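Asks: This is the structure, below, for whatever I ask next.
The values are calculated or read from the model by the stated rules, or taken from the named source; none is laboratory data. No experiment lies behind these values; they were computed from the predicted model shown. In this analysis, Cβ positions are derived from the backbone assuming ideal geometry, glycine residues included, and neighbour counts consider all displayed protein chains. Ligands, DNA and RNA are stripped out before the accessible areas are found, and what is left, the full protein with its side chains, is counted by its heavy atoms. Shrake-Rupley method; radii C 1.70, N 1.55, O 1.52, S 1.80 Å.
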There are 4 protein chains.
Amino acid sequence: MLTRPCVDLNADLGESFGPYTLGNDSQVLRLITSANIACGMHAGDPRVMENTVRASRELGVSIGAHPGFPDRVGFGRRNLEATPLEVETDVLYQIGALNAFAVSNGVQLQHVKAHGALYNIAVSQTEIAAAVARAVVRFDPRLIFVAPVGSALEHAGIEAGLPVSREGFADRGYNSDSTLQSRQIPGAVISDPDNASERAHQMVKEHRVSTVDGGWLPIQVDTLCVHGDNPNAIEILRAIRLTFERDGIAIAKMADVLKAKVS
Amino acid sequence: MLTRPCVDLNADLGESFGPYTLGNDSQVLRLITSANIACGMHAGDPRVMENTVRASRELGVSIGAHPGFPDRVGFGRRNLEATPLEVETDVLYQIGALNAFAVSNGVQLQHVKAHGALYNIAVSQTEIAAAVARAVVRFDPRLIFVAPVGSALEHAGIEAGLPVSREGFADRGYNSDSTLQSRQIPGAVISDPDNASERAHQMVKEHRVSTVDGGWLPIQVDTLCVHGDNPNAIEILRAIRLTFERDGIAIAKMADVLKAKVS
Amino acid sequence: MLTRPCVDLNADLGESFGPYTLGNDSQVLRLITSANIACGMHAGDPRVMENTVRASRELGVSIGAHPGFPDRVGFGRRNLEATPLEVETDVLYQIGALNAFAVSNGVQLQHVKAHGALYNIAVSQTEIAAAVARAVVRFDPRLIFVAPVGSALEHAGIEAGLPVSREGFADRGYNSDSTLQSRQIPGAVISDPDNASERAHQMVKEHRVSTVDGGWLPIQVDTLCVHGDNPNAIEILRAIRLTFERDGIAIAKMADVLKAKVS
Amino acid sequence: MLTRPCVDLNADLGESFGPYTLGNDSQVLRLITSANIACGMHAGDPRVMENTVRASRELGVSIGAHPGFPDRVGFGRRNLEATPLEVETDVLYQIGALNAFAVSNGVQLQHVKAHGALYNIAVSQTEIAAAVARAVVRFDPRLIFVAPVGSALEHAGIEAGLPVSREGFADRGYNSDSTLQSRQIPGAVISDPDNASERAHQMVKEHRVSTVDGGWLPIQVDTLCVHGDNPNAIEILRAIRLTFERDGIAIAKMADVLKAKVS
């Protein structure tokens, strides 16, 4: 069991809002093991949250909170100079809100993954990273904390005593300093399923990923993200699953991946 | 113990927002036993919620969620024709959000009281009342449900199996059909402490209250509300406490008032 | 000229928001003569408004403000018990906001059409209708006011001295009292192009429309609405254009239809 | 006339919102010559905008738009990494919205002054400064553009061909690089009327102001800002007026100050 590599597949879901539909949640849900559900600040609303929790439960997909900046028009993708206190309380608020739909539908939150600009800032800014981790540990120290290996965010999760799931991105270009290529740059979001699945293979099997300048970045991943708003999300997830089958890589929920590591 | 009448004093708190301060929470908290805390849809924000939960805990005041319509500019006081599903999920969302600040500060939610227009609509509309009760019972069936005696809201709480605390308003005029006088009408909000405390006395001791047309309305109350944004809130609460001392009426938390009734 | 019937085709556009796309604006714009552009309260945002004004200008489509209730999650389709003062100032705000994009792109606002629940309420409530008309006349008394014939809204426009364009809905069922069938009822939104174009023909050529209970409603229309979020909007507009060609009905901008009537 | 120094006094007004009151607008209005009115993104709402325009008109105070970031809970004081296009369209939107209340109340907009974090960013970031100026010039090239002397914002206004009013802050500490001391630092907001009026005297009469490190900063000002939410705003404005009377400094509207310079 220990010799077979094992990884979780996560995607951001529940990003629709009021009259607006975003992504292809019902199909993506059939291909992932962990769903990051928007909590109503950058995307999502109470109906969308309820529906996404229920759909995840029906398909046996684990759920996590996906808190973001309170910037709906910017989809939480714009840096906002919030204080650590603002971040901590905004994240607490959002975890609690999603938890109401988990509790009332008989499921448990598995993890928390910050969204967009909040995630990116927390990757490098120690105080913001600590604020996110503090919100999570204050709510429930058993929640899995999603962060890239080597980041301030991972460090904050470990410091807080949270179980940490190290994340890689199958559909995003990496700079050589391990940051993600800016979405402003054409090609930063990878839409080719073969390319994305090759990168997934690199990360899980070879513990490295090719960078935008042609080098290699060493990386450890417990979970792989495919963006639900990637127009090719379905094809990419299918390609990854085929590749992993060929590679003998098991796909399992974030919580089970962590358990396998411990054992 | 059984012979001594007993009532809870509640007020709406945590209605400040961002740069704006509303009410006089720190003083009101010293005079009440249960705080209804705004949950960020009609008023309040995550910092205000955190601070209000902490201040309540320090003074031994029990806390409850005070969910309202998503209408910040209208302060949740304008009727909104939301569907039962919209109401149920909006209320669930708000209870969960507040609960995060309760849990992470080591206190438990005691009750849920709908705010403003949502409360008023639920007093008479069966489907909306049921939607509010469903949200509460789905989250936690031990939560106390605040509603006026004889209302659709009280009925929905009982039907859902929730403990119900029957509420009277010390600082609002009553119509003879037991509805509150509209805030549009001058005098609908009672600012005279003697008048308000006399009405509190009527409700708790005499089980009736004088109506705006000069009659009497029979009423049963377990909790009395004084509005935190009433400019005389402090004076009214002090006058009520003096009156109750004179009357031999005990003041106790909502939960303890219900326990006293049962025993 | 006078003998040939003439009508405007309008549609609600610019209802996208932040990361969300709604409707098929670029195609709809090629088939209509007047665009009702959302103003950022119920839908739309400044980028969407700018783009929609520019796309309309390029295709020679006249533009109007489409103000709605401040209820983004409900898309302005839920009744909100706003005061006349709230409605008047909200509408003024929205007209002004859109006008900035008109002025700065070298085009003039042609008309104002209230959206969703605001429109529906103003159809029957005199005070709300007057509030909408007051906002329009205060901003610019030359703006065309869109309202159904015989409604409180039409009356308010006439009273305010505004030019009124009487509107019919090609893709909505009519009750015998001339109100629109509720969107809650299946079939209330007509998606069959033949049915919709037949109704357009009835309204413009026969001055009547069949009602949901099988009768006929007399009606006068200067402009016909097809909803941009109707999945068949394009097909319906094409069918109407074919029918009108067959019927010898001219399609012209709202302003030109009114001029033709006067001459 | 030319020999007598002349300056405008401006303040940010109309920052109340829904149920919340901020500042002391009615008193501040009696002491200033130009009002910067919030436009509904960071503060203000349509009722507040209408009332503030009317109150300004009654007291002969000139009005300007005070656009900010769409961040109500942060009061527009948090940096937001918006694109130049987002800034340009957000500013256009807000100018247009306020203009509706100006037009419909028979007054003209005199100026535009960016708010809070938007102003601060535009002081140093060329592209954001250009975006603000572009919005203003697109709406009306006669609008006066408020900016600190020597800033990227002033430069952008001049480049765009706008009349520029150079602003100094009487109630804020200056760093030696001419930036304002951060509000996070205690004492950054000056509440002592004597200190503030002495600084006003320095800026207008001596063309310099003392910095937080004890040096002197050369500065040119056509308009002086006192913050409406400064608890001592009234006392500061009174002290400035007394000082200016003593100094022989005339107080005049922004537009008249610029005319006096030209003549």
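Asks: When the gyration tensor of segment B:1-120 is built from Cα positions, what are the square roots of 5 times its three eigenvalues, in whole Å, from largest to smallest? Kindly include the intermediate steps, with their values, before the conclusion.
Replies: On the way: eigenvalues 106, 59, 40 Å².
Equivalent-ellipsoid dimensions as semi-axes: 23, 17, 14 Å.
Asks: Follow-up question, since we're still on this one. Straight-line reach only, C-alpha to C-alpha below 19 angstrom: list the aspartates and glutamates that residue D:259 could link to, leaving out same-chain residues fewer than 8 apart.
Replies: Once the sequence-local aspartates and glutamates are set aside, what remains near residue D:259 is D:8, D:140, D:154, D:167, D:222.
Asks: At 20 °C and 1.002 mPa s, grab the translational diffusion coefficient of segment C:47-106 from Stokes-Einstein with a Kirkwood Rh over Cα pairs, rounded to a whole number in µm² per second. Don't jump to the answer; show the numbers that get you there.
Replies: Details: Rh = 12.8 Å.
Stokes-Einstein gives a translational diffusion coefficient of 168 µm²/s.
Asks: In addition: Given the options A:125, A:190, A:11, identify the residue whose Cα lies farthest towards the positive end of the charge dipole of chain A (+1 on Cβ of Lys, Arg; -1 on Cβ of Asp, Glu).
Replies: The listed residue farthest towards the positive side: A:11.
Asks: In terms of the ratio Rg/(2.2 N^0.38 Å) built on C-alpha atoms, what value belongs to segment D:49-172?
Replies: Working: Rg = 13.8 Å, N = 124, 2.2 N^0.38 = 13.7 Å.
The value comes to 1.01.
Asks: In the neighborhood of residue B:130, defined by Cβ-to-Cβ distances under 11 Å, what is the net charge if each Lys or Arg adds +1 and each Asp or Glu adds -1? The partial results should precede the final answer.
Replies: Details: positive: B:134; negative: B:88, B:127, B:159.
With Lys, Arg at +1 and Asp, Glu at -1, the neighbours total -2.
Asks: Would you list which lysines come within 17 Å of residue A:205, measuring only between C-alpha atoms, while excluding same-chain residues fewer than 8 positions from it?
Replies: Once the sequence-local lysines are set aside, what remains near residue A:205 is A:261.
Asks: Here is a follow-up. Taking just the C-alpha trace of chain B, give me its Rg and Dmax in Å.
Replies: My reading of the Cα-based Rg and Dmax gives 16.7, 49 Å.
Asks: Considering amide H positions built from the backbone, and no H for Pro or chain starts, which residues 5 or more places from residue B:251, or on another chain, come under 5 Å of its amide H?
Replies: Correct list: B:7.
Asks: Rounded to the nearest 20 Debye, what is the dipole magnitude of chain A about its Cα centre when Lys and Arg each give +1 and Asp and Glu each give -1 at the C-beta? Working shown, then result.
Replies: Details: 24 positive and 30 negative charges, 116 e Å.
With Lys and Arg at +1 and Asp and Glu at -1, about 560 debye.
Asks: Another question, then. In the structure displayed, which of C:113/D:113; A:113/B:113; A:113/A:253 lie more than 21 Å apart, Cα to Cα?
Replies: Working: C:113/D:113 32 Å; A:113/B:113 32 Å; A:113/A:253 14 Å.
The answer is C:113/D:113; A:113/B:113.
Asks: Please list, in order along segment A:210-224, the HN-Hα scalar couplings obtained from phi with the Karplus expression 6.51 cos²θ - 1.76 cosθ + 1.60 (θ = phi - 60°), rounded to whole Hz, x for Gly and Pro.
Replies: Each residue of segment A:210-224 in turn: 6, 9, 5, 9, x, x, 10, 10, x, 8, 10, 10, 9, 9, 10 Hz.
Asks: Still on this structure, I have one more. Charges only on Cβ, +1 for Lys and Arg, -1 for Asp and Glu: so what's the dipole of segment C:1-137 about the Cα centre, in debye to the nearest 20?
Replies: Values: 10 positive and 13 negative charges, 77 e Å.
That gives a dipole near 360 debye.
Asks: Further question: Using +1 on the beta carbon of Lys and Arg, -1 on that of Asp and Glu, and nothing else charged, what's the dipole of the protein assembly as shown about the Cα centre, debye to 20?
Replies: Numbers: 96 positive and 120 negative charges, 0 e Å.
Value, rounded to 20: 0 debye.
Asks: Report the accessible area of residue C:207, computed with a 1.4 Å probe over the heavy atoms of all protein chains in place, in Å² rounded to the nearest 10.
Replies: For residue C:207, the solvent-accessible surface is approximately 90 Å².
Asks: What base-10 log of the normalised intensity I(q)/I(0) is obtained for segment B:107-185 from the Debye formula, alpha carbons as equal point scatterers, at q = 0.22 Å⁻¹?
Replies: -0.96
Asks: Using the Cβ atoms and a cut-off under 12 Å, what net charge is assigned to the surroundings of residue A:55, where Lys and Arg are +1 and Asp and Glu are -1? Can you show the working numbers first?
Replies: On the way: positive: A:30, A:54, A:57; negative: A:25, A:50, A:58.
Taking every other residue near residue A:55 into account, the sum is 0.
Asks: Using θ = phi - 60° and the Karplus form 6.51 cos²θ - 1.76 cosθ + 1.60, what ³J(HN,Hα) does each residue of segment D:125-132 get, whole Hz, x for Gly and Pro?
Replies: After applying 6.51 cos²θ - 1.76 cosθ + 1.60, I find 9, 4, 5, 6, 4, 5, 5, 5 Hz.
Asks: Moving on. The protein assembly as shown: D in µm²/s via Stokes-Einstein (Kirkwood Rh, Cα pairs, 20 °C, 1.002 mPa s)? Each step should come with its number before you reach the end.
Replies: Numbers: Rh = 31.2 Å.
Value of D from the Cα-based Kirkwood radius: 69 µm²/s.
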